[in-house]
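Encoded as structure tokens, the structure appears first; notes follow it.
The values are calculated or read from the model by the stated rules, or taken from the named source; none is laboratory data. Remember, predicted model here, so these are calculated numbers, not experimental data. A quick note on method: Cβ atoms are made from the backbone with ideal geometry, for glycine too, and the neighbour counts reach across all protein chains shown.
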Amino acid sequence: MTEEEIKKFSSMDIYSPPGSKVVYKGPVGGYPGDKVRAERHLKAGQIYTIKHLDVHSYSTDVYLEEVTEQAFNSVLFDNV
């Protein structure tokens with residue numbers, strides 16, 4: 001497996017505390033709607049700050065300081 005393929009399957013720590021930094025990987029995972037929403041509001045490679053996380057049984061919503069009133073799927077991020 002290449003490094004690029006591994007990145008596709010890696011994801012941020014869903015128990016990262018508020019204030020932690022994450023990088024948006026681009027639309028490489030999640031549900032179709034997750035990808036569309038992220039592409040509207042985020043830039044691949046950009047670093048963002050976690051405001052808070054909502055951990056659910058099948059996914060985790062990431063709220064960012066830099067983007068108000070939007071939640072993003074955790075699989076779209078890696079920790080910095």
*For region 64-80, what are the residues that are under 13 Å from ILE14 (Cβ atoms) and either aromatic (Phe, Trp, Tyr) or in contact with a Lys or Arg (Cβ under 7 Å, 6 or more places away or on another chain) (or both)?*
PHE72, LEU76, PHE77, ASP78
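Taking region 5-45 on its own, how many of its residues are among the charged types (D, E, K, R) and in a strand (DSSP E or B)?
Number of matching residues: 1.
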*Looking only at region 46-74, which residues are among the hydroxyl-bearing types (Ser, Thr, Tyr) and assigned to a strand (DSSP E or B)?*
TYR48, THR49, THR60, TYR63, THR68
*From the list VAL55, VAL22, which residue is modelled with pLDDT of 95 or more and crowded, with 17+ Cβ neighbours inside 10 Å?*
VAL22
*Tell me which residues, restricted to region 28-52, are buried (at least 17 other Cβ atoms within 10 Å of the Cβ) and more than 20 Å from SER10 (Cβ to Cβ).*
ARG37
